[in-house]
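Below is one structure, written out as structure tokens; the observations come after it.
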Amino acid sequence: MGVDRMRMFSKPTMLLVVLCFWAAFTEADYLKYKDPKQPLGVRIKDLMGRMTLEEKIGQMTQIERKLATPDIMKKYFIGSVLSGGGSVPAPKASAEAWVNMVNDLQKGALSTRLGIPMIYGIDAIHGHNNVYKATIFPHNVGLGVTRDPQLLKRIGAATALEVRATGIPYAFAPCIAVCRDPRWGRCYESYSEDHKIVQAMTEIIPGLQGDLPAKSRNGVPFVGGKTKVAACAKHFVGDGGTVRGIDESNTVIDYKELLSIHMPAYFDSIRKGIATVMVSYSSWNGRKMHANHDLVTGFLKNKLKFRGFVISDWQGIDRITDPPHSNYSYSVQAGILAGIDMIMLPENFTEFIDDLTFQVKNNVIPMSRIDDAVGRILRVKFVMGLFEDPMADPSLVNQLGNQEHRELAREAVRKSLVLLKNGKVASQPLLPLLKKVPKILVAGTHADNLGYQCGGWTIEWQGVQGNDLTVGTTILGAIKNTVDPSTQVVYMDNPDANFVKTSGFSYAIVVVGEVPYAEMYGDSTNLTIIEPGPSTIRNVCGAVKCVVVVISGRPVVMEPYVAGIDALVAAWLPGTEGQGVADVLFGNYGFTGKLARTWFKSVDQLPMNVGDSHYDPLFPFDYGLTTESRKGN
Ligand code: GLC
């Protein structure tokens, strides 16, 4: 526009023109969904209105870390990444290395047209268990014994902080299974056979996610800030009730039993603002949960008003068919139409994206289902502040495995122990043990094995053996820390009876149990402790006063040995802080734990839960002897 013509316009007109251009420019630059002052519903609606089908399906796609690169994140609009069990950026990777990896992938997600942040998820089910130097807490089988919901809340907060220390904002925990048969390989992930204890332990959710604000509406997810994580109640529903405890198989009970035993903890989880729910591999009365619209959509979403997002399990939709992946289009259709919102895809994510895109474009799957799924995913991401703070905060790296958390884990170990027998020796109960005696024997496969005492889902999916896996205290190390310096501690894995008889030991501590396992690899029909545990018990306890400490993910066969031992302690899977075991064995703290699972006499009795007509346990549900703390001795 020439200068002469410019003179044609008065100053007020020019100002108006400039203002219009400014307003237009600002309007174009202002995106409602990016404004945290906008109501949640407005942000979701605005963003959804801008998204293409490709961008929506990308949000529903969770890929495994091994396949993820910044370019893949951008090209496919990937909404989530996970680390499966043992999937780490490098062996013994530092918190900084985790943060850098997560942030690199996040930059890829943020470089997309709409810049929707991705959410990184990991199994932090007993502390941040994939990560070297993280605090490993007792598995749930021991935590249910504590009957201490506030302890669980503190453990949740500590776990959330360590997960965030590695740049990760989402944990696939808690498992709220109600394990009804200890032959199930995942029974140690269950707090109890009693749903009321499982319900109480959902107090870990406000620990992980933060306390719900006063006026929160039921069912709306809540995650309170950068030291909290989105949690995941799993596995919906009835995972712990399968026939003979066979993992991923069939739970055969009527609707009333399903609702009264396996559903109650979901009510509590939703009331506490759970952000996500993971669907179970198992079936209910022959119907795969991953294809169960009535329960996933009809009950969880419509009746319980759950407003977070539903995530599949690892290849969960593939396993809808038998054999798995034998009709993938049906798997995609059945899983998505059942109401699953995010699909966990460790391998074939492009196949999933292509198949779902085809089915939506051909009206097999309605866009309304896609919009429900994406709306829920975006709700969680908005609620947890991921749009405002998408990048990991490297200032938290020093929180990984901090001493305060280790002390908390040690407290949890103490409270998780159950004293099942405490025989008198010279008119005094054997426990608590004397710290100052000339010489004691420590024996057994599990006395000096950090991997054994942590169990499955530790560093590796299936767990590991030995002491090199991470930082912690073995039970042998804890005993040495606790006895009087003048007391000689002799350790032998599997001593012979004659050696024990002739060595002048004041007493012996025998630590035996199960090797680590996870999921179907832990399914067992015999529930025996590993060799040479039985012979170690016989050799040692036949020759000297002994206490047997059992390291196991569940009750195991102990009936044949009980008469021949003086004292018996169930220690479950205590994790890295073995000092908690010695604290109680030697009387610095008393035994307080009560069985949260029935201890059977014989596997032939199983399944056998409190209240059953054939109930005839070795040690009943809620049983546990107590001792007084005796700091000095
Ligand atoms: C596993 C488990 C589930 C876990 C998921 C991701 O198969 O069933 O509990 O969260 O895959 O590791």
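The values are calculated or read from the model by the stated rules, or taken from the named source; none is laboratory data. What you are looking at is a predicted structure, and each value in this text was computed from that prediction instead of being measured. Backbone-built Cβ (ideal geometry, glycine too); neighbour counts: all protein chains shown. Note: accessible area is taken over every heavy atom of the protein model, side chains too, but ligands, DNA and RNA are not part of it. Shrake-Rupley method; radii C 1.70, N 1.55, O 1.52, S 1.80 Å.
Couple of notes before you dig in:
- Some residue of segment 616-629 being in contact with a Pro (Cβ under 8 Å, 6 or more places away or on another chain) and open to solvent by less than 10 Å² (accessible area, probe 1.4 Å): no
- Between Ser87, Ser111, Ser83, the distinction of being open to solvent by 40 Å² or more (accessible area, probe 1.4 Å), of a type in the set (Gly, Ala, Ser) and in the same structural domain as Trp314 (by TED's automatic domain parsing) belongs to Ser111 only.
- Filtered by the rule that a residue be free of Cβ contacts under 8 Å to residues at least 40 places away in the same chain and within 12 Å of Val131 (Cα to Cα), segment 92-110 gives Ala93, Ala97.
- Yes/no for Glu404 being open to solvent by 30 Å² or more (accessible area, probe 1.4 Å) and closer than 30 Å to Ile336 by Cα: no
Okay, residues lined up against (1) more than 23 Å from Leu82 (Cα to Cα); (2) surrounded by fewer than 24 Cβ atoms within 10 Å (Cβ to Cβ); (3) away from the ligand (no atom under 16 Å from the Cβ):
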residue: Cys232; (1), (2), (3): no, no, no
residue: Ser260; (1), (2), (3): yes, yes, yes
residue: Lys288; (1), (2), (3): yes, no, no
residue: Phe309; (1), (2), (3): no, no, no
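- Unmet criterion (only one of (1) surrounded by fewer than 24 Cβ atoms within 10 Å (Cβ to Cβ); (2) within 15 Å of the ligand (Cβ to nearest atom)) for Glu189: (1)
- As for segment 57-74, it holds at least one residue that is in the same structural domain as Glu347 (by TED's automatic domain parsing), more than 16 Å from the ligand (Cβ to nearest atom) and loosely packed, with under 14 Cβ neighbours inside 10 Å.
- Scanning segment 115-170 for residues that are among the basic types (Lys, Arg) and either within 16 Å of the ligand (Cβ to nearest atom) or buried (at least 24 other Cβ atoms within 10 Å of the Cβ) (or both) gives a single hit, Arg164.
- Selection count where residues are more than 21 Å from Gly286 (Cα to Cα) and in contact (Cβ under 8 Å) with a residue 40 or more places away in the chain, scope segment 312-359: 13
- Out of Ser283, Ser326, sole residue that is open to solvent by 60 Å² or more (accessible area, probe 1.4 Å), over 19 Å from Gly84 (Cβ atoms) and of a type in the set (Ser, Thr, Tyr): Ser326
- Filtering segment 318-332 to residues that are more than 13 Å from the ligand (Cβ to nearest atom) and in a loop (DSSP other than H, G, I, E, B) leaves Thr321, Asp322, Pro323, His325, Ser326, Asn327.
- For segment 354-363, residues that are farther than 13 Å from Ser331 by Cα and out of contact with any Lys or Arg (no Cβ under 9 Å at 6 or more places or on another chain) total 6.
- Checked against the criterion of being under 25 Å from the mean Cα position of the chain (by Cα) and in a strand (DSSP E or B), the candidates Val550, Val556 yield just one match: Val550.
- Of the residues Thr598, Thr576, Thr592, the single one that is closer than 25 Å to Glu193 by Cβ, assigned by TED's automatic domain parsing to the domain that holds Gly533, open to solvent by less than 40 Å² (accessible area, probe 1.4 Å) and polar (S, T, N, Q) is Thr598.
- Scanning segment 446-473 for residues that are within 19 Å of Val550 (Cβ to Cβ), open to solvent by less than 20 Å² (accessible area, probe 1.4 Å) and not small (Gly, Ala, Ser) yields His446, Asn449, Leu450, Gln453, Cys454, Thr458.
- Candidates are the residues of segment 75-114 that are within 16 Å of the ligand (Cβ to nearest atom) and aliphatic (A, V, I, L, M); the one that is nearest to the chain's Cα centre (by Cα) is Leu82.
- Checked across segment 452-461, the condition of being acidic (Asp, Glu), part of a helix (DSSP H, G or I) and farther than 30 Å from Asp496 by Cα holds for no residue.
- Here segment 329-353 is the region considered, the condition is being among the acidic types (Asp, Glu) and open to solvent by 20 Å² or more (accessible area, probe 1.4 Å), and the residue that is modelled with the lowest pLDDT is Glu347.
- Only a single criterion out of (1) surrounded by fewer than 24 Cβ atoms within 10 Å (Cβ to Cβ); (2) in contact (Cβ under 8 Å) with a residue 60 or more places away in the chain; (3) assigned to a loop (DSSP other than H, G, I, E, B) is not satisfied by Gly224, namely (2).
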